[in-house]
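The values are calculated or read from the model by the stated rules, or taken from the named source; none is laboratory data. Quick caveat, the model's predicted, so the values are computed rather than measured. We place every Cβ from the backbone using ideal geometry, glycine too, and count neighbours over all the protein chains shown.
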Amino acid sequence: MDKLYIFLKYFFIVVWTVFVVAPFLWALTTSFKDFQSVNGGVTYIPWVDFEPNLEGWKVLIKSPAKGGVDIIEPYFNSMFVTCTASLISIILGTLSAYALSRYTFKAGFVKNNDITFFFISQRIMPPIVLSIPFFLFLSSINLLDSLTGLIVVYIVLLMPIAVWIMVDFFNKVPREIDETALIDGCNPYQAFLKVVLPNSIPGLIVAGMFCIIFGWIDFFFAFILTFTEVQLLPVKIVALNSSVTPWWSLSASALVSVAPLIIVAFIVERYLSKGNLSGAIK
Amino acid sequence: MDLVANNLSYKPGDQYHLNEVSFNFKEGNLYTILGRTLSGKTTLLKTIAGLLTPDNGEIEFDGKNFLKIPVWERNVAMVYQQFINYPHLNVFENIAFPLKQRKINQSIINEKVMDALKSVGLLGYENRRIQELSGGQQQRVSLARSLVKNAKILLLDEPLVNLDYKLREQLREEFKNLFSKGLADKSILIYSTTDPRETMELNGEVIVLDEGKVLQVGTAKEIFENPNSLKVAEISNDPPMNIIEAKISDNHIRFEGIDLEAPQHLSKLTEDGLKIGLRSSDIELNENGHEFEVELAEISGSETLLHLKRGDTKIIVSIEEVLNFKIHDKVKINFKVDRAYAFNANGKLASSPFGGLNG
């Protein structure tokens, strides 16, 4: 029975790994191909099946004047917008979540849970519903086609994630820890900064990771709210596609765009297993 | 420096958590708040700490209006029944936390923390993570953190309740030593508990609390000898005092066909609706006694608790040895009536073997 279990477990893991990793390997080999190798039948192994070349990668960094597409600027735009919006969302979201977790709000029939749900409802709504209001809003304050405008919109999209994760997390941090900090001479702000926050690092990391992922992969709003001045990476990658699909540079750019997320995931995974609240309350 | 409260009331919902509570706590004394779960003990301690604001009433400390001073400036210390420490700090940092908050010189902090560690018996543990400690050790850390501050008011909210039996005994002993070592000289110690035995052992001034109301105030001995009402008799005894509905006439106590000669302190009572109170330890097994049926027998430590029944009368007997009984066994018992209490129809003490009348 045990052996069967182990077999099934590993069988599943192997199948899933192949399922997830295979597209990356496919993209990796394709990125080193040229027109002939892509259209000349199924080939996998460089130097044996086909002659690899760096054309697909070179195109990405060449300026358009020299026949390239230059994804460097959109890359940094994406990074700037995602990181700034995530950071602001985490800061505002964490503060809101702490307030929602610890204090009782009441405005007519609106209570804490309703406020939390309002935040989440921003994510439940289909993005298309929000696109027109966002467009009109940004155009009225002259922020269409700008990094700042995108950051504002992304905060609206990312903050609910931060609030949602952090409310849940703070609810699990015993209130008595805050109270003990107050008794030990902290004012409420110090109690939050010195005691509650350091014990919420795993939650902050998870929330930060989700914000970065959802910010980084957004195509829809970047597509609708920018035109010529500012371009984000996902939009640029799609724009690569012209009359002839350049599979090699599409593959290369796809790999480049996924890379930061993979790196973030590997770093964060280590922190997530560390530090928990098990000793706070038994 | 007295801590004086006047008519504290707190009623967040339908029920009073505190109902007109008044007290006058004096420096250098230990006060035990005895009450069942949800009787308002924690609410009272949190109100003193400043974590809760009462709806009504005043608290004064050292002549100052305490309610106007925020928690973090009150110089109180509190130990919770859950073992509350800062999980992100190690043992040393946990204990040093309140001192660092006061921006005290590091060398003085080191010295004080080491002293505190020594007094709770945790020397050598200073670099451990909180998660690596047992429940008892965690509670010691939180005790050390409250000792190190030299707080004027030390609040202990059922600090032993979540520990296992052996640790509880051990730590209770240490508490007693700490309290008597002069720690209490300059502070007011307030200790809440559900356990009457703890109250007796700590031997301070006792406040019996129920449904947010103070039922009786007195020394442990006074509460034990003369509980002023049925409620107090129940709360201050574990197992609760047996209450028997009986008739007293012609120098005799009669119930369930049992006829006992009334002791002198009960013989003059004539009113109707009297209830007789008798501690479970004041009933003994006796071959020539009265027959009761065993409903349940539980062994607790080195004691056997017998739940007995005869007609409509149910009583609990504690026997200082481990005995095996089966349900529906018949046992014979004797009542030490000279140790019996009498309560009148509205639950007030009518007569006690120790001579107290109506508290």
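Values as computed for the structure displayed
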quantity	calculated
Residue selected from the stretch B:160-192 under the condition modelled with pLDDT of 90 or more and within 17 Å of B:ILE84 (Cα to Cα), by the criterion farthest from the chain's Cα centre (by Cα)	B:TYR191
Options B:ILE108, B:ILE104, B:ILE48; residue that is surrounded by fewer than 17 Cβ atoms within 10 Å (Cβ to Cβ), modelled with pLDDT of 90 or more, among the aliphatic types (A, V, I, L, M) and part of a helix (DSSP H, G or I)	B:ILE108
Verdict on B:ASN177 being assigned to a helix (DSSP H, G or I), in the same structural domain as B:VAL76 (by TED's automatic domain parsing) and either buried (at least 21 other Cβ atoms within 10 Å of the Cβ) or not acidic (Asp, Glu) (or both)	yes
Residue under evaluation A:LEU95, criteria (1) without any contact (Cβ under 8 Å) to a residue 12 or more places away in the chain; (2) over 30 Å from A:GLU179 (Cβ atoms); (3) assigned to a helix (DSSP H, G or I), criterion not met	(2)
Scan of the stretch B:72-84 for residues that are more than 19 Å from the chain's Cα centre (by Cα) and more than 7 Å from chain A (Cβ to nearest Cβ), ordered by number	B:GLU73, B:ARG74, B:ASN75
Some residue of the stretch B:196-203 being of a type in the set (S, T, N, Q), in a loop (DSSP other than H, G, I, E, B) and either within 14 Å of another protein chain (Cβ to nearest Cβ) or within 24 Å of B:GLY50 (Cβ to Cβ) (or both)	no
Enumeration of residues in the stretch B:88-97 that are facing chain A (nearest Cβ under 7 Å) and either crowded, with 24+ Cβ neighbours inside 10 Å or touching an Asp or Glu at 6+ places or on another chain (Cβ under 9 Å) (or both)	B:PHE97
Residue that is nearest to the other protein chains (Cβ to nearest Cβ), among those in the stretch B:129-146 that are of a type in the set (A, V, I, L, M) and crowded, with 21+ Cβ neighbours inside 10 Å	B:ILE130
Members of the stretch B:180-201 that are hydrophobic (A, V, I, L, M, F, W, C) and surrounded by fewer than 21 Cβ atoms within 10 Å (Cβ to Cβ)	B:LEU183, B:ALA184, B:MET200
Conditions (1) surrounded by fewer than 19 Cβ atoms within 10 Å (Cβ to Cβ); (2) in contact with a strand residue (DSSP E or B) (Cβ under 7 Å, 6 or more places away or on another chain); (3) not hydrophobic (A, V, I, L, M, F, W, C); number of the one not met by A:ASN39	(2)
Residue within the stretch B:317-331 that is more than 29 Å from B:ASN251 (Cβ to Cβ) and either surrounded by 15 or more Cβ atoms within 10 Å (Cβ to Cβ) or in contact with a Lys or Arg (Cβ under 8 Å, 6 or more places away or on another chain) (or both) present	yes
Checking B:SER351 against (1) in contact with a His (Cβ under 9 Å, 6 or more places away or on another chain); (2) within 24 Å of B:SER236 (Cα to Cα); (3) modelled with pLDDT of 90 or more, the condition it does not meet	(3)
Selection status of B:LEU8, over 17 Å from the mean Cα position of the chain (by Cα), within 25 Å of B:VAL161 (Cβ to Cβ) and part of a strand (DSSP E or B)	yes
Residues (in contact with a Ser or Thr (Cβ under 8 Å, 6 or more places away or on another chain) and without any contact (Cβ under 8 Å) to a residue 60 or more places away in the chain) located in the stretch B:20-65	B:THR47, B:LEU52, B:THR53, B:PRO54, B:ASP55, B:ASN56, B:GLY57, B:ILE59
Check on A:THR228, free of Cβ contacts under 8 Å to residues at least 24 places away in the same chain, of a type in the set (Val, Ile, Thr) and surrounded by fewer than 21 Cβ atoms within 10 Å (Cβ to Cβ)	no
Flag if B:THR37 is loosely packed, with under 14 Cβ neighbours inside 10 Å and within 14 Å of another protein chain (Cβ to nearest Cβ)	no
Residues within the stretch A:176-193 that are at the interface with chain B (Cβ under 7 Å from one of its Cβ atoms) and either in a loop (DSSP other than H, G, I, E, B) or within 15 Å of B:LEU89 (Cβ to Cβ) (or both), tallied	6
Matching residues in the stretch B:51-71 - criterion: being assigned to a loop (DSSP other than H, G, I, E, B) and more than 8 Å from chain A (Cβ to nearest Cβ)	B:LEU52, B:THR53, B:PRO54, B:ASP55, B:ASP62, B:GLY63, B:ILE69
Residue that is surrounded by the most Cβ atoms within 10 Å (Cβ to Cβ) [pool: residues in the stretch A:141-169 that are closer than 30 Å to B:PHE97 by Cβ and away from chain B (no Cβ under 14 Å)]	A:ALA162
Hey, B:TYR125 free of Cβ contacts under 8 Å to residues at least 60 places away in the same chain and more than 10 Å from chain A (Cβ to nearest Cβ) or not	yes
Counted residues, the stretch A:63-74 - those being surrounded by 13 or more Cβ atoms within 10 Å (Cβ to Cβ) and not in a helix (DSSP H, G or I)	4
